[in-house]
Every structure is written in C-alpha cells, then in structure tokens.
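So the structure is just underneath, and the comments pick up after that.
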Amino acid sequence: YFHYIEAKLIECRVEFELKNYLSVVDSINAAKKFLQSHTEIGKDFRKAYTIFLSILFKLVKLHEKSGKDNILFELEMLEKNILSEKNQIYAQSWIIEKIRKLKKGRL
C-alpha cells in the first residue's frame, strides 16, 4: 500500500508542476479515499499524507484565485501554519517552495 500512496502523492506533485489542476484535485481525492480505506497505514504516515493533501488542495484553490484576488495574505498564513506545524508533513520543503513562488507570481 505504501507504493500506491507514494505514487499518488508523486502524481499530485507532477500534475501540479504541469498546471493540470483538475488532475491534481482528482489525485488528491483518490489518495484521500485510499487513506480512508486502508486503516493499516500507521497514524503518523496517515497524518503526514493527510496534511499534505489538505495543503495542496488549498494551494490549488489559491492558484485558481491568483488572477482575481489578492491572495498574498492567505499564502503568508498558509506558510506560517506549515512552518509551525508540529506534525510531519509529506514534501514540506516542496510545498514551501511552491507557496513562495506563488507569492512572487512565478507559478
């Protein structure tokens, strides 16, 4: 099961990099469903994956708003929350990098 969830999480990141945001959301939903149905996954792994999926979903939504609204405050808060999170977050440095690029308008 670890191979499947790792593949889904990598797929989320690849689709995000390719700006295929609908595919990202589909992959997020598939990964969440998988995590819910496989209770044998340890709670620490499950937490790290779930936090990542939630943050990535927020990042997709913020990216969709980036041309319409000033999202800088929301991005700042998201980054602050990630950096202060006590639990492990899957691909935390990758997420921070994407937030900072979006803040600079380069994503």
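List of remarks:
- Which listed residue, of SER66, SER84, is small (Gly, Ala, Ser), farther than 16 Å from TYR21 by Cα and either open to solvent by 20 Å² or more (accessible area, probe 1.4 Å) or modelled with pLDDT of 95 or more (or both): SER84
- The set of residues in the stretch 87-103 that are of a type in the set (A, V, I, L, M), in contact (Cβ under 8 Å) with a residue 40 or more places away in the chain and closer than 19 Å to TYR21 by Cα comprises ALA91, ILE95, ILE99, LEU102.
- Each residue in the stretch 15-24 was checked for being among the aliphatic types (A, V, I, L, M), loosely packed, with under 13 Cβ neighbours inside 10 Å and in a helix (DSSP H, G or I), and 1 of them qualify.
- Checklist (1) closer than 15 Å to TRP94 by Cβ; (2) open to solvent by less than 40 Å² (accessible area, probe 1.4 Å) applied to LEU35, failing item: (1)
- Cβ-Cβ under 9 Å pairs, at least 6 apart or on other chains, the stretch 42-70 side farther than 21 Å from VAL14 by Cα, far side at pLDDT 90 or above and surrounded by fewer than 16 Cβ atoms within 10 Å (Cβ to Cβ): ASP44/ASN87; ASP44/GLN88; LYS47/ASN87; LYS47/GLN88
The values are calculated or read from the model by the stated rules, or taken from the named source; none is laboratory data. Note that the coordinates shown come from a computational prediction; the quantities given were computed from them, not determined experimentally. Backbone-built Cβ (ideal geometry, glycine too); neighbour counts: all protein chains shown. The protein model used for the area step is the full one, side chains on, heavy atoms only, and it has no ligands, DNA or RNA in it. Shrake-Rupley method; radii C 1.70, N 1.55, O 1.52, S 1.80 Å.
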